[in-house]
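Participant: If you scroll down you'll find the structure; I have some questions about it.
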Amino acid sequence: MTKKTAAAARIFFVDTRFQRMARRPGGVPREKAIARAQVYIEELKPEFADWLNKKLQEMAAAVRRIEGDASQLDEAYESCCQLRDAGAAMGFELTTVISNNLCELLEAIKAGSPYHKETMECHIDALHLTSKAPYCNLRADQVPEMTRGLRRVVERANTSPSTSSK
Amino acid sequence: MNNHTINLGGLAILIADSNSYLRRITHGMLRGFGANKLFEVEHYLGVVQVLTGQKIDVMLCDTRLPPEGGLSLTRTIRRTLGNENRTMPILMMTTDSREATIKMARDAGVNMVIAKPMSPKALYDRLAWIAFTPRNFVDTETYFGPDRRFKIEGYPGGVGRRRGDQAVQVAEEVGPALAQDDIDSLFGAARSGQGQS
């Protein structure tokens, strides 16, 4: 089934193998499939603490290397993004909030802002804290002093004279 | 048959994500949905290797897949003539749900975008949408991929959109559906109708 338009576009129908096979009878009903998927995710949770600690070490080392070697920025940024994404998926809200701050700081450095060692270190320390109880189970609004304080640090770093002049 | 049920048994599904933990989560979700033929890769080259040696039925790919990114990979897959995976459904996973990113994904030729972190419901419903809502393919000088002119009226039996989720959007209109004269005459008729009442 092909037709030509005035702009010479070829438009054709595709029923892929995925579509044909996925529509077969005998699949797992939606509600049951979702419940089973959640069970798999729960089973992965105990491994998350180990993964998180390993990733935190990698990220901290990469962030610290930036001071002497700007080429480490991409690796540090990628590690921060991974922490942010996985934290959200596993319900570690504070890990996500703080690693998101760090992502913003690294983006600013990529854009030309200076590297503030203290700003980075306080975020790394906070991230280590969020990997442990009781902080790993808390939401951002349950520790407003910490989250607002870190936010102010990020905003100050992003609006410092040396940043805004660039 | 329940139209809202998808059968993933025997389908080859490729998960391309540099984040090992999120790959495992996605893998777990798909297992829960009944998938039993899953492949995982962490970078662009891994995708190329899998696609070379294996027919893949659907790919879930992260936008930040190193080193080139998932959108570049999608463009390559869609625009390579003679590539048997050219029409393979591609679901793009992203933490960046800004409109500009969604538009870039649409123009690269992805079937659908899903915001990270994904919930099992969101993933199931998007796969069901792709399965039960086939779209034409469009081949032009500048684009090869699913027809970008579509609207999601709701996922099959699904939860609808989350605030951060954006499906691939309808393409921009190239002009008004009505000519300006027609619009003016409609407004004119409406105004004269008001005057009469």
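The values are calculated or read from the model by the stated rules, or taken from the named source; none is laboratory data. Computed from a predicted model, the values in this text were never measured in an experiment. Every residue, glycine as well, gets a Cβ built from its backbone with ideal geometry; the counts of neighbours run over all protein chains shown.
Participant: So, restricting to helices (runs of 4 or more DSSP H) that lie completely within the stretch A:1-118, which ones have at least 3 residues that are within 10 Å of another protein chain (Cβ to nearest Cβ) and modelled with pLDDT under 95?
Facilitator: Of the helices (runs of 4 or more DSSP H) lying wholly inside the stretch A:1-118, those with at least 3 residues that are within 10 Å of another protein chain (Cβ to nearest Cβ) and modelled with pLDDT under 95 span A:30-66, A:73-89, A:93-110.
Participant: List pairs: first in the stretch A:1-15 and within 12 Å of B:Asp147 (Cβ to Cβ) and surrounded by 10 or more Cβ atoms within 10 Å (Cβ to Cβ), second of a type in the set (A, V, I, L, M, F, W, C) and at pLDDT below 90, Cβ under 6 Å, 6+ apart or cross-chain?
Facilitator: As it stands, the answer is A:Phe13/A:Met1, since those pairs meet every condition given.
Participant: Go through the stretch B:1-30 and count every residue that is part of a helix (DSSP H, G or I), of a type outside the set (Val, Ile, Thr) and more than 7 Å from every other protein chain (Cβ to nearest Cβ).
Facilitator: Of the residues in the stretch B:1-30, 4 are part of a helix (DSSP H, G or I), of a type outside the set (Val, Ile, Thr) and more than 7 Å from every other protein chain (Cβ to nearest Cβ).
Participant: If I filter the stretch A:125-134 down to residues being touching a helix residue (DSSP H, G or I) at 6+ places or on another chain (Cβ under 7 Å) and surrounded by fewer than 20 Cβ atoms within 10 Å (Cβ to Cβ), which single residue comes out as nearest to A:Met90 (Cα to Cα)?
Facilitator: Top of the filtered list is A:Ser131.
Participant: Let me ask something additional. B:Arg75 - would you say it is on the phi < 0 side of the Ramachandran plot, touching a Pro at 6+ places or on another chain (Cβ under 9 Å) and either at pLDDT 95 or above or at the interface with another protein chain (Cβ under 10 Å from one of its Cβ atoms) (or both)?
Facilitator: Answer is no for this residue.
Participant: Can you tell me which residue in the stretch B:31-54 is nearest to the other protein chains (Cβ to nearest Cβ), limited to those that are hydrophobic (A, V, I, L, M, F, W, C) and without any contact (Cβ under 8 Å) to a residue 24 or more places away in the chain?
Facilitator: Only one residue tops the list, namely B:Leu45.
Participant: Could you tell me which residue of the stretch B:86-132 is farthest from B:Arg64 (Cα to Cα), considering only residues that are acidic (Asp, Glu) and within 14 Å of another protein chain (Cβ to nearest Cβ)?
Facilitator: That would be B:Asp125.
Participant: Here's a follow-up. Within the stretch B:12-32, is there a residue that is more than 16 Å from A:Glu47 (Cβ to Cβ) and among the basic types (Lys, Arg)?
Facilitator: Taking every residue of the stretch B:12-32 in turn, none turns out to be more than 16 Å from A:Glu47 (Cβ to Cβ) and among the basic types (Lys, Arg).
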